Each structure stands twice: as structure tokens, then as C-alpha cells.
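Scroll down for the structure; my scribbles are underneath it.
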Amino acid sequence: MTSVLLASDAKTLEAEAAHGTVTRHFRLHQKGQETSTNSIASIFAWTRGLEHRAKLDKNERLLDFVHKVEASCVGTVEEGKMTKDLAILIHGPKVSRDLYLNTEEFIDAVACNVDSRIREPTAV
């Protein structure tokens, strides 16, 4: 989940990801253990800020980039590439390791989709 707050001046925006598990996963990562942290909310918090900046500046190229990043997140999951939390929702609590990606694998999969979408011709 991503929260977006807009100030009354309609120029100042704060976007943040609601993450209760990130600290716990970071501690596991520090111990060298594998994690499967869903980064979608963090990515969308980042893109919400970029989208707002793009609208303020009338920057169509930046807005196009934002849409491609967000579509890449959704597309990655639609391809069946997801973190453990999402795999549990689909396959149940005893999901096997081959049905989900760890944190780095998921970010790499999203990045691959972003790269593919960026290489597509745009109308901008």
C-alpha cells in the first residue's frame, strides 16, 4: 500500500510505502538469510512523487517513464513472478520456494520489464 498526501498548495506531495515487514527482512538480510520483500509499494511511492513532478512541469517523457515503471510492476506479477507474500495469497501458506522470487530476483524481474518497456517506441 502506498499513501499519498497532497498539501493545500497542490504543489507539495508526500508519498510513502506502508511496510511493517521491511525492518524484519532487513535484519534477516544482515544475517545473510534470504528474504522475499515485496518492493511494489516502495516503487509506487517513488513513482507517485515522479508523477506529481511530471504534472507540475508538464514533462510528458517523465510521465511516460512513470507509467512504464508502474506497468512493469503489475506486468511482472501477472507473468507469475512475485514475492512470497503474493505467492501465499495465490497458492496458500505452504507455498513452495519455486513459486516465488527473493527480493533481488523480483527487483531484477521488474527492472527487466522496465527496460523492455523503455525500449518500446512512445508517442511522446
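Coordinate-derived values only; no laboratory data. All values derive from a computational prediction rather than experimental measurement. Cβ placement follows ideal geometry from the backbone for every residue including glycine, while neighbour counts extend to all protein chains displayed.
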- line: Scalar couplings 3J(HN,Hα) for region 5-16 by Karplus 6.51 cos²θ - 1.76 cosθ + 1.60 (θ = phi - 60°), nearest whole Hz, x for Gly and Pro, are 10, 10, 6, 5, 6, 6, 10, 8, 10, 10, 10, 9
- line: From the cross-link list Lys11/Lys68; Lys31/Lys84; Lys31/Lys81; Lys55/Lys81, the entries with a Cα-Cα span beyond 28 Å are Lys55/Lys81
task: Would you grab the residues whose amide H sits under 5 Å from the one on Ser36? Only those 5+ places off in sequence or on another chain, please, with H modelled 1.01 Å from N.
output: Thr103
task: Kindly provide the pair-distance distribution of region 19-124 built from C-alpha pairs, with 5 Å bins from 0 and whole-percent values in order of increasing distance.
output: 2, 12, 19, 20, 18, 12, 9, 5, 2, 0
- prompt: Helix hunt in the chain: which complete DSSP H runs extend at least 18 Å axially by C-alpha with mean Kyte-Doolittle at least -0.5?
  reply: 40-57, 60-78, 103-119
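Could you give the longest part of the chain that holds none of the trypsin sites (Lys or Arg not before Pro) found in DSSP loops with at most 16 neighbouring Cβ atoms within 10 Å?
The segment 59-93 is the longest one with no such site.
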query: What spacing in nm lies between the two simple spin-label points modelled at Ala7 and Ser96, each 7 Å away from Cα in the Cβ direction?
result: 5.3
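Under the rule of -39500 (n - 2.57) per DSSP H run of 4 or more residues, summed and divided by the residues of the chain, what mean residue ellipticity at 222 nm is obtained, to the nearest 500 deg cm²/dmol? Mind dumping the intermediate values first?
Details: 5 runs with 71 residues, N = 124.
Here the helix-only value at 222 nm equals -18500 deg cm²/dmol.
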- request: Subtracting the Cα-Cα distance from 0.36 nm times the residue separation, let me have the gained length for Arg119 to Arg61 in nm, one decimal.
  value: 19.6 nm
message: With just the Cα atoms defining each centre, how far is region 72-119 from region 43-68? Give it in Å.
response: 23
